[in-house]
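Heads up: the structure comes next, in structure tokens.
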Amino acid sequence: MKHRIVVLGAGYSGAVAAGRLAARVYRDEVSITLVNGETDFVERVRMHEVATGRDLKFRPFDEMFAGTGVELKFAKVTGVDVDRKTVALDSEELEYDTLVYALGSRWNPQGVPGVAENAYEIASRPGALRVRERLASLAAGQTVTVVGGGLTGVEFVTELAESRPDLDVAFAVRGELGDWLSPKGRRHLRKVVDRLGITVHEKAAVTRVDADQLTTADGGAIPAAVTVWTAGFAVHPIVEATSLEVSDTGRIVVDETMRSVSHPDVYAVGDAAYAMGSKNKPLRMSCASGQPMAWQAADSIAARLTGGKFSHAPLFYFNQCISLGRKDGLIQYVTTDDRAVNAALRGRVAAVYKELICKGAAWGTENPTMGLPTRRRHVISQAVPLHEWTS
């Protein structure tokens with residue numbers, strides 16, 4: 001009987017995990033089913049571009065996985081029972097022997113009143129398309145306020161200001177603008193923001209969102225014909241209904257092999273996984289974390305099934321790549337545990353670098369073994385216990 005692997009979610013992590021597994025095992029011994037709600041790959045790191053009017057390359061999964069032996073199921077996941085080892089879809093139920101959970105994250109309203117009702121999000125393609133449609137209806141001089149001073153917020157607010165100079169673009173951040181960057185990085189970000197005419201509201205913790213304005217913790221009001229909320233991400237709520245051990249933020253706690261610490265037949269990758277990186281610091285939700293986590297999970301599962309050698313993926317950081325519109329960018333170099341150092345690449349060269357990184361991430365998803373030769377191994381009669389693996 002085949003060993004049944006089910007992968008939930010085909011973002012940067014899930015698609016890589018499924019494709020890499022398919023290259024490691026024989027299809028007559030292992031079945032791999034990839035479940036996703038959409039029929040094509042979504043470049044999530046480009047949703048700020050979609051929201052401002054750019055159309056991306058269409059990447060259908062049936063072409064991406066042609067000839068791999070991966071079975072595709074385009075359906076919505078409605079539940080996971082890790083005790084019965086089943087996955088409920090909107091049309092059927094799947095049984096698994098090994099589950100790879102890669103459903104990722106979505107926007108996080110953070111319990112702020114009015115966000116769900118009055119704000120827009122760009123954490124998903126439908127959300128980005130709704131923003132695009134709403135922006136197209138705005139007249140010159142109307143105010144669009146972006147809330148959230150992290151990477152997503154910075155990329156969207158600069159993209160928006162560059163593409164729609166007729167609008168009054170504002171940015172509300174809880175702390176100071178770019179306070180996670182190095183001094184050199186902060187100076188460049190400030191220069192770009194000033195050049196694009198973006199109004200920045202610093203130390204502005206938003207406590208309420210209404211249809212035409214934001215209220216801040218100090219009682220102040222910020223006008224907004226449209227509010228775009230980019231203040232963080234939250235794990236898909238399906239995890240909450242399982243008996244998996246999770247962190248205080250709802251992410252699945254995994255060991256160094258991306259295996260659940262509570263359920264050894266479940267692996268988690270990407271935004272849904274709580275994994276430790278360099279210096280025992282949790283990896284952040286990002287494509288930069290998700291793809292190496294997928295490599296690790298796929299290779300770990302294959303090694304366990306075939307008795308192969310256990311390997312370590314590079315679970316550390318090198319830089320943060322930030323687009324600042326189409327013609328400017330910032331590459332902030334960081335320590336292995338993601339703390340900024342006073343070195344940064346700026347300007348047009350940084351914009352080109354960031355574009356290459358985005359293209360590389362998409363290419364890596366379509367080529368999960370990174371173009372290197374692969375060797376399939378036969379499944380052994382009994383899976384190898386983790387403590388017997390060799391490094």
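The values are calculated or read from the model by the stated rules, or taken from the named source; none is laboratory data. Quick caveat, the model's predicted, so the values are computed rather than measured. Note that each Cβ is placed from the backbone with ideal geometry, even for glycine, and that neighbours are counted across all protein chains shown. Surface areas here come from the heavy atoms of the whole protein model, side chains and all, with no ligands, DNA or RNA. Shrake-Rupley method; radii C 1.70, N 1.55, O 1.52, S 1.80 Å.
Principal axis analysis of the Cα atoms in the chain yields extents of 67, 44, 37 Å, listed in decreasing size. For residue 190, the accessible surface of its heavy atoms amounts to roughly 80 Å² (probe 1.4 Å, protein chains only, rounded to the nearest 10). Going by a ≥ b ≥ c, the root eigenvalues of the Cα gyration tensor, does the stretch 146-211 fall in the rounded group (a/c under 1.5), the prolate group (a/b larger than b/c) or the oblate group? Oblate, because a/c is 1.5 or more while a/b does not exceed b/c. Label positions at residue 55 and residue 76, each projected 7 Å from the Cα along the C-beta direction, are separated by 2.7 nm. Would you work out if the stretch 20-97 is rounded, prolate or oblate? Take a ≥ b ≥ c from the square roots of the eigenvalues of the alpha-carbon gyration tensor; rounded if a/c is under 1.5, else prolate when a/b is larger than b/c, oblate otherwise. The shape class here is oblate. Remark: the stretch 45-50, residue by residue, has Karplus-estimated 3J(HN,Hα) of 5, 10, 5, 5, 6, 4 Hz, where x stands for each Gly or Pro and the curve is 6.51 cos²θ - 1.76 cosθ + 1.60 at θ = phi - 60°. Across all Cα atoms of the stretch 88-136, the radius of gyration (one decimal) and Dmax (whole number) stand at 16.0, 48 Å.
Binning the C-alpha pair distances of the stretch 235-362 at 10 Å intervals from 0 yields a P(r) profile of 13, 35, 31, 17, 4 %, listed from the shortest bin outward.
For residue 176 and residue 312, the difference between the fully extended length at 0.36 nm per residue and the C-alpha to C-alpha distance is 45.3 nm. Taking 0.36 nm per intervening residue step and subtracting the Cα-Cα distance, what contour gain separates residue 211 from residue 356 on full extension? Length gained, residue 211 through residue 356: 48.4 nm.
Here the accessible area of the stretch 226-284 is 53 percent carbon and sulfur, with a 1.4 angstrom probe and all protein chains present. What is the helix-to-structure angle for 125-136, meaning the angle in degrees between its Cα long axis and the longest Cα principal axis of the chain, kept from 0 to 90 and rounded to the nearest 10? Computed tilt is about 20 degrees.
For residue 274, the residues 5 or more places off, or on other chains, whose built amide H falls under 5 Å of its own are 252, 253, 254. Take the Cα of residue 38, step 7 Å toward its Cβ, do the same at residue 339, and the gap between the two points is 3.7 nm. Bridge orientation summary for the chain: considering DSSP beta bridges with both residues in this region, about 45 percent are antiparallel. Among the listed pairs 191/359; 281/359; 2/309; 191/327; 85/279, those with a Cα-Cα distance over 25 Å are 191/359; 281/359; 85/279. Nonpolar atom fraction for the stretch 89-202, defined as the carbon and sulfur part of the 1.4 Å probe accessible area, stands at 46 percent.
Solvent-accessible surface of the chain, averaged per residue with a 1.4 angstrom probe and all protein chains in place: 44 square angstrom.
Residue 255 contributes about 40 Å² of solvent-accessible surface, heavy atoms of the protein only, 1.4 Å probe.
The alpha-carbon positions of the stretch 131-171 define a convex hull whose volume is 57 Å³ per residue.
Among beta bridges from DSSP that stay inside the stretch 120-232, the antiparallel ones total about 30%. The amide H of residue 201, built 1.01 Å from its N in the peptide plane, has 171, 172, 173 as neighbours under 5 Å, considering only residues 5 or more places off or on other chains. The shape of the stretch 169-315 can be summarised by an equivalent ellipsoid whose semi-axes, obtained from the alpha carbon gyration tensor, come to 40, 20, 12 Å from longest to shortest. Across the stretch 222-236, coupling constants 3J(HN,Hα) worked out from phi with the 6.51/-1.76/1.60 Karplus curve, θ = phi - 60°, read 10, x, 6, 5, 9, 10, 10, 9, 10, 8, x, 10, 10, 5, 4 Hz, and Gly and Pro carry x. Under a no-solvent Debye model with one identical scatterer per Cα of the stretch 17-156, what's log10 I(q)/I(0) at q = 0.10, 0.13, 0.18 Å⁻¹? Once normalised to I(0) and log-transformed, intensities are -0.49, -0.76, -1.13.
To the nearest ten degrees, helix 348-366 and the longest principal axis of the Cα atoms of the chain are 30 degrees apart.
Can you work out the FRET efficiency for the pair residue 137 and residue 367, with r the C-beta to C-beta distance and R0 = 30 Å, to the nearest 0.05? For residue 137 and residue 367, the calculated efficiency is 0.15. Using only the alpha-carbon atoms, how far is helix 12-22 inclined from the longest principal axis of the chain? Give it as 0 to 90 degrees, nearest 10. So the inclination is approximately 20 degrees.
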